[in-house]
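The structure appears right after this line, and notes come after that.
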């Protein structure tokens, strides 16, 4: 399915005023309020949201003082100079350790995402000892947020939930989608023709990851902008980001 | 160095009217004309350009009818059901084959980029038998284009040259930077504090790749939009995209 893009291009608008999100908070209320305060109408576009505020609203926080690290966690933490309780939480979120080295753990999460530390961040609030986990199912979280916002008046929107990932071969982090709703994660242009009537050869574009990365420019982690509304791109179709995961049997890098 | 972002966010503006680029064309003249036609002022922002038009202007085209494939190219082409002349061109652009399988060659180019087919595309024009190679040095191409555009009146711009890459573990392609000028490829926010006074824990953000991916939403290959101007982000600093490549000794996926 082809995405419809406005001739004038895209606008990426930061949503101000979201502040700290606490377990049990109604995220749709907070985001609708932030959009209003920022002069943004949640209509005909894509809301890009950092996973961290969804995780916090969902209570996906672990108090490290309650964690009893396993022998494996203690061993890895010793080798990598980490907090064994953090490593223990990472191991609990991990289906398989894909690589370890240079103090880095690249893990496959129970969702199937492959990322450092299974997506488990440590809270940076002073005096706090919390680990923030990825949502249990980020596609379900995206669908729920889209539905809740529509009940608050949003119209024809998609939702993309993002996290910040490292990549093989390149330094620096990029934002990628970990969950989506109301948009095809991949736009397949094969078989279409260009302006000159030639058949497009491009294979499938990872639209939700392109959106995540573009919005990520405005959402530098912990900077106070955990959500961006992308105008100029009419969403359509549906499909889970989880469905973008490559079949391990066809993956050359496992 | 921190990038300066406009409070209102970013605008990603497609440049219309670039059309077919031929070897020897003055790309700065074409892009300046397209910007004018599209009502875009090339000022205080980042020009994102698909590598293909730079390669074409630079004459980085190979007529496949002139190519004598090596035994290795013939063997690989036979195994993968490809044109042996295309494989030969790919091998010539390759420093090292990183992986082969499922009909895909993941190559390290002489620049050090790791991508399918060493970035060599086949032209899709009917009756043509050309391969399009990556520019010889995309950072040099970016600097030259920035300088040429400044001579034509552009002010305070950065240039990011992009190509479309697959990724391990996920289906779908994203645009990534292969060359840049006038912008720090990586924005390092470590040590800064957020609005609440807490230290940012994020490591370095790959700004040029986030820009490439965001602009890539508008630049679907061969769709007639090979350049996008990003407004709302004042460029600054400098540094080559080539410097983002991870030291192979620290890479867990070679």
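Assorted remarks:
- Order of A:136, A:30 - criterion: other Cβ atoms within 10 Å of each residue's Cβ, fewest first: A:136, A:30
- Taking the fewest neighbouring Cβ atoms within 10 Å as the starting point, the ordered list for B:228, B:104 is B:104, B:228.
- Counts of other chain beta carbons within 10 angstrom of each beta carbon in peptide A:6-17 average 6.
- The average projected area of chain A, computed from the convex hull of its Cα atoms over all directions, is 15.1 nm².
- Stokes-Einstein D for the protein assembly as shown, Kirkwood Rh over Cα pairs, 20 °C, 1.002 mPa s (µm²/s): 91 µm²/s
- Principal-axis tilt of helix B:138-151 within chain B, Cα atoms, nearest 10 degrees: 50 degrees
- Against chain A, whose longest principal axis is taken from its Cα atoms, helix A:27-37 shows a tilt of about 50°.
- Where both bridge residues fall in chain B, DSSP classifies roughly 85% of the beta bridges as antiparallel.
- DSSP beta bridges fully contained in the protein assembly as shown are about 80 percent antiparallel.
- Global geometry of the range B:1-54, whether rounded, prolate or oblate, following the gyration tensor of its Cα atoms and the 1.5 cut on a/c: prolate
- A viscosity of 0.890 mPa s and a temperature of 25 °C, combined with the Kirkwood radius over C-alpha pairs in the Stokes-Einstein formula, give the range A:61-132 a diffusion coefficient of 201 µm²/s.
- Comparing A:173, A:145, A:27 in a Gaussian network model of chain A where C-alpha atoms under 10 Å apart are linked, the largest mean-square fluctuation is found at A:173.
- Listed by Cβ neighbour count within 10 Å, with the fewest neighbours leading, B:76, A:183 appear as B:76, A:183.
- When only Cα pairs below 8 angstrom with a gap of at least 6 residues are kept, the range A:61-132 shows a relative contact order of 28 percent.
- For chain A, adding -39500 (n - 2.57) for each run of n ≥ 4 DSSP H residues and dividing by the number of residues yields -7000 deg cm²/dmol at 222 nm.
- Expressed as a whole percent, the proportion of Cα-Cα pairs in the range B:153-192 lying more than 13 Å apart is 67%.
- A straight chain from residue A:140 to residue A:8 at 0.36 nm per residue would run longer than the Cα-Cα distance by 44.3 nm.
- Axis angle, to the nearest 10 degrees, between helix B:71-80 and the longest C-alpha principal axis of chain B: 80 degrees.
- Shape class of the range A:1-126 from the alpha-carbon gyration tensor: prolate, with a/c at 1.5 or above and a/b greater than b/c.
- Contact order normalised by residue count of chain B, Cα under 8 Å, 6+ apart, percent: 28 percent
- Peptide B:171-182 has a mean shielding of 5, counted as Cβ atoms of other protein chains within 10 Å of each residue's Cβ.
- The mean count of C-beta atoms from other chains within 10 Å of the C-beta of residues in B:239-252, rounded to a whole number, is 3.
- Result for chain B in a Gaussian network model with C-alpha springs under 10 Å: among B:71, B:22, B:108, the largest mean-square fluctuation is at B:71.
Since every read-out is calculated from the coordinates, none of them should be taken as a lab result. These numbers come from a predicted model, not from an experiment. A quick note on method: Cβ atoms are made from the backbone with ideal geometry, for glycine too, and the neighbour counts reach across all protein chains shown.
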